[in-house]
1. Would you mind listing the distances between the A:P98 label point and the same position in each other copy? Use 7 Å along Cα-to-C-beta, nm, one decimal, shortest first.
2. Shortest first and in nm to one decimal, what separations exist between B:A243 and its copies in the other chains, measuring from label points 7 Å along the Cα-to-beta-carbon line?
3. Quick one: grab the alpha carbon gyration tensor of region B:48-172, order the square roots of its eigenvalues as a ≥ b ≥ c, and give me rounded if a/c is under 1.5, else prolate or oblate depending on whether a/b is larger than b/c.
4. Average the reciprocal distances over every distinct pair of alpha-carbons in region B:133-261, invert the result, and give the Kirkwood radius in Å.
5. Considering only DSSP beta bridges with both partners in the protein assembly as shown, what is the antiparallel share in %, to the nearest 5?
6. How many times 2.2 N^0.38 Å is the alpha carbon radius of gyration of the protein assembly as shown?
7. Using the beta-carbon distance between A:Q136 and B:E100 and R0 = 22 Å, what value does 1/(1 + (r/R0)^6) give for FRET efficiency, to the nearest 0.05?
8. If I model a spin label as a point 7 Å beyond the Cα along the Cα-Cβ vector, how far apart are those points for A:I229 and B:A210 in nm?
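The values are calculated or read from the model by the stated rules, or taken from the named source; none is laboratory data. Since the structure is predicted, the reported quantities are computational estimates derived from the model, not experimental observations. Here Cβ is always computed from backbone atoms with ideal geometry, including for glycine, and neighbour counts include all displayed protein chains. Just the protein is used for accessible areas: all its heavy atoms, side chains included, with ligands, DNA and RNA removed. Shrake-Rupley method; radii C 1.70, N 1.55, O 1.52, S 1.80 Å.
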There are 2 protein chains.
Amino acid sequence: MVDANLTISDRIQEKLDGLTRAERQLALSILENYPASGLGPLATLAKGANVSVPTVARMVQKLGYKGYPDFQADLRDELGAIAKGPIARHETWAGAAPTEHILNRFTEAVIDNIRNTMAHIDPVAFDQACALVADQRRHLYIVGGRITHTLAEYLFMHMQVIRPNLTHVQSTSNTWPHYLLNAGDGDVFVIFDVRRYENNTLKLAEMARARGAKVVLFTDHWRSPVHRIADVCLTSQIIVPSAWDSATTTMLLIESMISAIQTLNWDSTKNRMQELEDIFDKTKLFRKFT
Amino acid sequence: MVDANLTISDRIQEKLDGLTRAERQLALSILENYPASGLGPLATLAKGANVSVPTVARMVQKLGYKGYPDFQADLRDELGAIAKGPIARHETWAGAAPTEHILNRFTEAVIDNIRNTMAHIDPVAFDQACALVADQRRHLYIVGGRITHTLAEYLFMHMQVIRPNLTHVQSTSNTWPHYLLNAGDGDVFVIFDVRRYENNTLKLAEMARARGAKVVLFTDHWRSPVHRIADVCLTSQIIVPSAWDSATTTMLLIESMISAIQTLNWDSTKNRMQELEDIFDKTKLFRKFT
DNA sequence: ACAATTATGAAAAATTTATCACAGAGTGCT
DNA sequence: AGCACTCTGTGATAAATTTTTCATAATTGT
């Protein structure tokens with residue numbers, strides 16, 4: 001047992017730097033489901049963090065405990081102390097900051113956006129969109145606007161790993177008409193368009209449609225005019241306490257889509273990822289995971 | 001393990017009448033310091049309630065458990081569910097889709113990431129980071145890597161509106177040494193580095209630091225090696241059911257930061273936004289809001 | 001008040017759980 | 001490229017905790 005006035009969670013975070021890879025992996029696993037996971041048997045904890053049993057024993061010693069049971073005893077004490085005090089209901093997200101701190105206000109707004117977006121989304125439409133984007137026979141065009149081009153790029157980057165035959169187009173660039181030259185029947189356009197909707201984007205969507213391409217639209221819940229011609233429309237709520245709109249919810253939809261498509265195309269994705277790994281290994285662009 | 005939707009505390013109270021004297025004595029003792037006392041060794045619990053060891057074993061069996069460890073496991077599960085809070089416990093987000101639909105699974109993971117990130121963030125560090133990035137006397141460099149360059153760009157785009165005197169650098173590009181030439185004392189580097197940590201990014205950070213610049217790091221909770229030299233380190237949890245990591249939580253932090261800085265610099269931001277509007281109006285790049 | 005029944009606790013047996021010592025793998029350094 | 005280093009996991013050993021057994025005490029019904 002060690003000093004008080006400092007939760008074990010704090011202590012772990014503090015010592016995080018002094019820990020080795022496996023130990024840190026373990027420490028984070030403990031914090032992830034704190035404190036419940038630390039109150040179970042050592043072996044269970046080790047398994048949950050994908051580390052070996054002695055790693056746990058070593059880490060708790062580094063934290064200053066005599067052994068795992070000692071650590072558990074302290075955890076239980078802490079739990080007991082919390083339970084006795086006024087049960088502060090989790091109204092705040094960043095626990096250490098007041099409710100009015102921007103982190104809490106912003107996070108609350110984003111959670112609300114997510115809840116609303118998910119409540120109104122049509123899973124069938126989402127699945128359709130995924131199927132279209134996953135279909136390797138169709139050339140895939142990903143289109144972003146002024147603000148949304150970063151989102152478009154994020155999707156593009158991941159789709160590049162999953163499948164061939166795709167292009168990133170920026171509607172704000174004046175080169176996009178050139179891309180349309182090659183687009184045709186059965187191709188797919190994923191278009192991002194949120195407030196302030198862009199005229200260029202609408203034009204591009206119309207022309208793509210005229211050429212017989214499918215259109216998947218990511219927009220906010222006021223809906224870009226593109227939605228009238230889109231085959232599938234995915235809307236997100238984007239309201240936050242800021243002068244700008246939030247892209248977080250849209251990002252969540254994009255990542256869900258990537259995850260879904262990766263599953264649909266898993267065989268080819270797996271191979272392509274492996275190849276990518278090999279290339280990175282050869283170029284030694286990245287450090288080994290530490 | 002038994003049915004859900006009923007806390008163990010409830011179940012004990014319910015069965016209280018069916019228990020014998022010693023067992024009731026024990027039950028009340030458990031409830032007195034719930035749930036901490038039930039998570040310790042059986043013998044300790046027995047001693048605390050002044051009953052014998054087998055009494056405990058018998059009572060948990062009456063409650064429907066196979067044995068004491070089984071009882072403890074259920075207690076821990078309950079504890080885990082409480083800690084996650086009512087919002088995270090949401091089972092389905094996309095109401096129209098089944099729980100196993102990727103939208104629900106993914107969203108749940110992201111909410112969990114957000115909760116964890118916010119639980120462990122240091123608001124003081126966050127405020128410091130905001131102050132550094134907001135300070136217009138310092139030149140601001142925003143650095144992204146292979147995956148993170150979209151996030152970096154997103155921040156860059158917004159900061160461009162808020163303040164002058166900033167540069168977007170890509171650590172994967174081989175032009176970054178040129179940017180460092182101009183960097184010096186008192187400048188600020190916002191660096192994004194998540195798994196697979198990039199050697200280039202680390203080098204860049206080191207050199208920036210050597211030149212007397214401040215370093216603000218956005219990373220995942222395994223922490224990029226850059227964190228050792230960073231002045232402020234903001235970590236996000238990024239685990240999702242996918243072959244890739246999630247950028248959504250990091251996006252949330254970035255947007256919170258933008259919102260915070262916009263408030264700090266509100267006078268200048270307001271003017272700059274107005275100017276931007278005027279320019280857009282002139283170029284007629286965007287449709288009027290409909 | 002006595003017998004039958006049930007509850008309780010002490011102690012031993014069985015099982016689970018934690019600790020220790022050692023060897024292999026991976027890293028970084030010269 | 002080779003050596004020394006640290007870190008990590010496997011298997012063996014020791015410790016602890018839980019379960020079971022059984023004898024005794026308390027309780028209830030007649």
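1. Ordered by distance, the counterparts are at 4.9 nm.
2. With the label placed 7 Å along Cα→Cβ, B:A243 yields 4.2 nm.
3. prolate
4. That comes to 14.5 Å for region B:133-261.
5. 5
6. That ratio works out to 1.07.
7. Plugging the Cβ-Cβ distance into 1/(1 + (r/R0)^6) gives 0.30.
8. Taking the simple label geometry, A:I229 and B:A210 are separated by 5.5 nm.
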